[in-house]
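The values are calculated or read from the model by the stated rules, or taken from the named source; none is laboratory data. What you are looking at is a predicted structure, and each value in this text was computed from that prediction instead of being measured. Every residue, glycine as well, gets a Cβ built from its backbone with ideal geometry; the counts of neighbours run over all protein chains shown. Quick note on the areas: whole protein, heavy atoms, side chains included, nothing else; ligands and nucleic acids left out. Shrake-Rupley method; radii C 1.70, N 1.55, O 1.52, S 1.80 Å.
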There are 2 protein chains.
Amino acid sequence: MDIAILLYDDMTLLDAIGPYEVLRSLPGTRIRFVTVDGAPIRPDTRALTLVPEAGIDAVTTADIVLVPGGPGDALMQADERVCRWLRAIDATTTWTTSVCTGSLILGAAGLLQGRRATSHWMAYDQLASHGALPTAHRFVEDGKYITAAGVSAGIDMALELMRRIAGDEIAQAIQLAIEYDPQPPFDSGSPTKAPATVVELVRAVSADMLAERRNATATCQ
Amino acid sequence: MDIAILLYDDMTLLDAIGPYEVLRSLPGTRIRFVTVDGAPIRPDTRALTLVPEAGIDAVTTADIVLVPGGPGDALMQADERVCRWLRAIDATTTWTTSVCTGSLILGAAGLLQGRRATSHWMAYDQLASHGALPTAHRFVEDGKYITAAGVSAGIDMALELMRRIAGDEIAQAIQLAIEYDPQPPFDSGSPTKAPATVVELVRAVSADMLAERRNATATCQ
C-alpha cells in the first residue's frame, strides 16, 4: 500500500499527522511525505521544519493520496504544479482523500466537481466555489473521494479507510494501538454542538485569515 | 505562555502533534520543539525528518513541558542529559506533562515517584518500575504532573489543560477550531472496550517491541 501525503508551508500539522498515525500502522504500508519541490516546509505556527522524502515529481502513483489543509491551502489551490500532480496521481489512486481545507486543493484541481464533499466548517462556501456539494458530515465519501471535516476529523476518516481496506479487526486494532478512546472535556467540536458564543468567538478570531484566504484563492483550472 | 516539547528519534508523532495543535492556539503562546542536541530527528516510521528549534540546553525554563512517547523512549529514559534537563526545567514549570510512554521518561528522571500517573495501556508495568502508581484514566493529574494515556490521549489532556489555564470558553473555542468532534467507526480505543481478540492481536504484534524496550530501558537516577 503506497500512500502519498502532501506537505506545504503554512499547513496545519494535525491534518496530516492524525491520519498518518492510523494509516502507517497497516502492515506493508509505505508512506511518502512530499512537497511541491522537495524542499522542507514549515507549518502554520512556524515552530519547526519538516523535511519530506521527495518532491511531487518523484511520486507519480499512489494507492492513497492525502491532502491536508491549513492557511497555506490558498497558495496550493493556485499552484499549477500541484493541480497537474493531483490530477495525474488521482488517475492512479484507489482513494483520493483530504482533511480540513485540503478539500479546497482537491477542488481547485477539479477533482470534486459535482461531488459531495466536506471541509472545515468555516470553509463550505469556498468548497462550493470549486463545484463541490458541501456536506456537513465528519467525513464524506463520493466514489473514491473521501474528504474529512476540520483538522482532527482525519483520524476518524483514516480509521474508516482502514476498515474498508483491511477489515474490522485490523481497524479496531489500530484504534486500540493509538488508544483512540476520545474523552474531550467538552462537547463543542462542531458548530451545531458548541455554544453560540463560542461559535461566534471562533468566527471572529478567524475572520481576517478567512478573508485573506478568499482573496488569495485562485483555481488552477 | 512558554511551552517546550521534546522530540527524539523513534518517537510517535501524534503524541506530540495532537497536544501541540491544541496548545498552540492559545494567544500569546510560544511553542519550542527541542531535541537533545538540537539535531533533526526521525519518528518511528522514519518517513520524514523534523528539524527542531533548539537543543535542550537552549531551553531551560518553560510554563509547560511536554514529553511524548514512542519506541524511542527507551534511549531517552537512559540518557542522563535528558534526565538532568527534565529535572531542571521541571523546577520552572507550572505543568509538567507527558503523552503515552513519555511518562516513562518523566519516571526515569524521578519525577513521578509515588505519584499517580498513566501511560500507554501496554506500559503500566514499566511505569510502576519507576515508582509511579499506574492509573487507568484518559489522563491523570497529580499535583502539577499530568500524564496522558496512549498516543491520541494527548489531545484530550491538552484541552483539559487549556480549560485550566484559559477557562471554558477558550478551551471550547479551540476544540471547535480543530473540529474535535470524534466519531470513530468503532468503540475499541481502550483494552476494556475492544473485543478480546483485538486486544490479543495488538499485544501479539507489539510483543517484540515491548520486550526490546524492557531490555533496553534503564533509569538515569
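Listed values, structure above:
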quantity	calculated
Some residue of segment A:56-66 being without any contact (Cβ under 8 Å) to a residue 24 or more places away in the chain, touching a strand residue (DSSP E or B) at 6+ places or on another chain (Cβ under 7 Å) and farther than 19 Å from A:SER119 by Cβ	no
Selection status of A:PRO71, within 14 Å of another protein chain (Cβ to nearest Cβ), part of a loop (DSSP other than H, G, I, E, B) and not hydrophobic (A, V, I, L, M, F, W, C)	yes
Given (1) crowded, with 20+ Cβ neighbours inside 10 Å; (2) touching a residue at least 24 places away in the same chain (Cβ under 8 Å); (3) over 19 Å from B:PRO191 (Cα atoms), index of the condition B:THR147 fails	(3)
Within segment A:20-52, considering residues that are within 18 Å of the chain's Cα centre (by Cα) and polar (S, T, N, Q), the one farthest from A:ASP63 (Cα to Cα)	A:THR45
One residue from B:SER152, B:SER206, B:SER188 being closer than 30 Å to B:ASP2 by Cβ and hydroxyl-bearing (Ser, Thr, Tyr)	B:SER152
Test: residue in segment A:78-96 that is assigned to a strand (DSSP E or B), open to solvent by less than 40 Å² (accessible area, probe 1.4 Å) and farther than 29 Å from B:GLU53 by Cα	yes
Failed item in (1) at pLDDT 95 or above; (2) surrounded by 16 or more Cβ atoms within 10 Å (Cβ to Cβ), with B:THR45 passing the rest	(1)
Residue in segment B:49-57 that is open to solvent by 10 Å² or more (accessible area, probe 1.4 Å), within 12 Å of another protein chain (Cβ to nearest Cβ), outside any strand (DSSP E or B) and on the phi < 0 side of the Ramachandran plot present	yes
Residues within segment B:154-190 that are part of a loop (DSSP other than H, G, I, E, B) and facing chain A (nearest Cβ under 7 Å), tallied	12
Criterion violated by A:ASP125 - all others in (1) touching a helix residue (DSSP H, G or I) at 6+ places or on another chain (Cβ under 9 Å); (2) at pLDDT 95 or above; (3) open to solvent by 10 Å² or more (accessible area, probe 1.4 Å) satisfied	(2)
Residues within segment B:191-214 that are exposed (fewer than 12 other Cβ atoms within 10 Å of the Cβ), closer than 19 Å to A:GLY167 by Cα and at the interface with another protein chain (Cβ under 10 Å from one of its Cβ atoms), tallied	2
Qualifying residue in segment B:27-40 (condition: open to solvent by less than 10 Å² (accessible area, probe 1.4 Å) and either in contact with a Ser or Thr (Cβ under 9 Å, 6 or more places away or on another chain) or free of Cβ contacts under 8 Å to residues at least 12 places away in the same chain (or both))	no
